[in-house]
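See structure below.
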Amino acid sequence: AGAPEGASWNAFLGPISASQVIASGVSLVFMSSSAQNMIPVNKTDEKYIPQDCPCAQRQYLADFYLNFAKACDESMSDVYYWDTSAAVLMTQLMPTFGKGDASVCTDLRDMHVSINLENGARYSWLEQHSFGAAARVCMA
């Protein structure tokens with residue numbers, strides 16, 4: 001059946017667990033799907049591989065991203081750095097324990113969120129609610 005329209009696969013696969021983590025009181029930062037969809041994979045991305053990267057590793061990385069879309073039966077324009085951008089956001093916020101700024105996110109907001117566990121079209125959605133847990137959310 002798949003995830004409902006607008007739901008994150010990460011929450012859809014374990015919405016009860018995601019809800020429990022959010023409600024636990026730990027400090028959280030989320031990156032919205034819309035923010036992740038702003039960082040497309042590009043054929044010229046090899047220029048971002050560090051120059052001191054050994055040749056074999058450089059070739060492996062280039063082959064990986066150049067062939068990733070094809071392996072997923074998609075076009076290059078349909079592939080984005082979803083998990084990679086979230087990892088960069090996490091790395092940039094680690095020194096400030098999630099409280100600072102991150103260059104990968106131009107719109108970082110404080111919100112109160114929860115996972116919708118009601119059966120229906122919004123099941124497993126991360127939603128903003130006044131009764132939700134405090135979190136920071138990268139919107140763009």
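Determine whether residue 54 is modelled with pLDDT of 85 or more, more than 16 Å from residue 137 (Cα to Cα) and in the same structural domain as residue 124 (by TED's automatic domain parsing).
Considered against the rule, which asks whether it is modelled with pLDDT of 85 or more, more than 16 Å from residue 137 (Cα to Cα) and in the same structural domain as residue 124 (by TED's automatic domain parsing), residue 54 comes out as no.
For (1) in contact (Cβ under 8 Å) with a residue 12 or more places away in the chain; (2) of a type in the set (Asp, Glu); (3) not in a loop (DSSP other than H, G, I, E, B); (4) not assigned by TED's automatic domain parsing to the domain that holds residue 125, each residue gets a yes or a no:
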residue: 17; (1), (2), (3), (4): no, no, yes, no
residue: 21; (1), (2), (3), (4): no, no, yes, no
residue: 59; (1), (2), (3), (4): no, no, yes, yes
residue: 64; (1), (2), (3), (4): no, no, yes, yes
residue: 73; (1), (2), (3), (4): no, yes, no, yes
residue: 94; (1), (2), (3), (4): no, no, yes, no
residue: 100; (1), (2), (3), (4): no, no, no, no
residue: 105; (1), (2), (3), (4): yes, no, no, no
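May I ask you to list the residues in region 30-49 that are touching a Lys or Arg at 6+ places or on another chain (Cβ under 8 Å) and under 21 Å from residue 108 (Cβ atoms)?
30 - this is the single residue of region 30-49 that is touching a Lys or Arg at 6+ places or on another chain (Cβ under 8 Å) and under 21 Å from residue 108 (Cβ atoms).
Of (1) surrounded by 11 or more Cβ atoms within 10 Å (Cβ to Cβ); (2) farther than 10 Å from residue 31 by Cβ, residue 95 satisfies all except one. Which?
(1)
Of all residues in region 77-92, count the ones that are in a helix (DSSP H, G or I) and surrounded by 15 or more Cβ atoms within 10 Å (Cβ to Cβ).
The total comes to 6.
So which of 73, 78, 45, 110 is among the acidic types (Asp, Glu) and closer than 30 Å to residue 26 by Cα? Steps first, please.
Working: 73 fails: closer than 30 Å to residue 26 by Cα; 78 fails: closer than 30 Å to residue 26 by Cα; 45 fails: closer than 30 Å to residue 26 by Cα.
The unique qualifying residue is 110.
For region 117-138, name all the residues that are in a loop (DSSP other than H, G, I, E, B), modelled with pLDDT of 90 or more and touching a strand residue (DSSP E or B) at 6+ places or on another chain (Cβ under 8 Å).
If the condition is that a residue be in a loop (DSSP other than H, G, I, E, B), modelled with pLDDT of 90 or more and touching a strand residue (DSSP E or B) at 6+ places or on another chain (Cβ under 8 Å), then 130, 131, 132 are the ones that fit.
The values are calculated or read from the model by the stated rules, or taken from the named source; none is laboratory data. Just so it is clear, the structure is predicted and the values come from calculations on it, not from any experiment. Cβ atoms come from the backbone with ideal geometry, glycine included; neighbour counts cover every protein chain shown.
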